[in-house]
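The next block holds one structure in the form of structure tokens; read it before the comments.
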Amino acid sequence: MTVSFEQLCEMALRLPGVERGTSYGTPALKVAGKLMVRLKEDGGAIVLHADWETREWLLTVSPEVFFFTEHYRNHPYMLARLDKLDAESLPAHLERCWRQVAPKRLLANYPNSAN
């Protein structure tokens with residue numbers, strides 16, 4: 001099932017502090033000015049913030065969905081194909097991205113926060 005960037009935004013905007021913005025001229029979602037996710041220039045993929053361990057794990061278990069280009073090799077981001085993303089697991093992916101960029105004050109007030 002294809003997930004649109006607008007559907008993704010609706011899910012992400014439920015998280016505290018998430019705001020619409022732009023990054024590299026494309027629609028993006030940020031938390032306190034930090035990039036959480038953006039639409040890739042081709043419109044068919046998104047760029048997600050990801051720690052190294054999560055990125056390696058997702059690239060291994062779901063290579064048809066998650067990938068990276070040489071540009072992102074040394075950066076804490078990965079790409080995901082919108083037409084391959086599972087709408088049911090997307091909220092968990094978005095929350096994981098949010099937790100990686102959200103300031104401590106937002107994390108402290110969010111349910112199930114380990115911080």
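The values are calculated or read from the model by the stated rules, or taken from the named source; none is laboratory data. Keep in mind the model is a prediction, meaning the values are calculated, not measured. Cβ sites come from the backbone with ideal geometry, for glycine too, and all protein chains shown count toward neighbours. Heavy atoms of the whole protein, side chains included, go into the accessibility calculation; ligands, DNA and RNA do not. Shrake-Rupley method; radii C 1.70, N 1.55, O 1.52, S 1.80 Å.
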Whole-Hz Karplus couplings 3J(HN,Hα) for region 2-18, θ = phi - 60° and coefficients 6.51, -1.76, 1.60, Gly and Pro as x, run 6, 9, 7, 5, 5, 4, 4, 4, 4, 5, 5, 5, 6, 7, x, x, 6
Magnitude of the charge dipole, region 19-97, Cβ model with Lys/Arg +1 and Asp/Glu -1, debye to 20: 300
Aspartates and glutamates whose Cα lies under 18 Å from that of Lys34, excluding same-chain neighbours fewer than 8 positions away: Glu19, Asp51, Glu95
So the carbon and sulfur contribution to the accessible area of the chain, 1.4 Å probe, in percent, is 51
Dividing the mean separation of Cα pairs under 8 Å (6+ apart) by the residue count of the chain yields a relative contact order in percent of 29
Could you list which residues have their amide H under 5 Å from that of Ser23, counting only those 5 or more apart in sequence or on another chain, with H placed in the peptide plane? Ala28
Figure the gain on full extension for Ser23 and Asp86 (residue separation times 0.36 nm, minus the Cα-Cα span) and round it to one decimal in nm. 20.3 nm
Between helix 52-61 and the chain: long-axis angle, C-alpha atoms, 0 to 90°, nearest 10: 40
Pop out the ³J(HN,Hα) list for region 36-45 in order, Karplus 6.51 cos²θ - 1.76 cosθ + 1.60 with θ = phi - 60°, rounded to Hz; leave Gly and Pro as x. 9, 7, 9, 7, 6, 3, 6, x, x, 9
For the chain: accessible area per residue (Å², 1.4 Å): 56
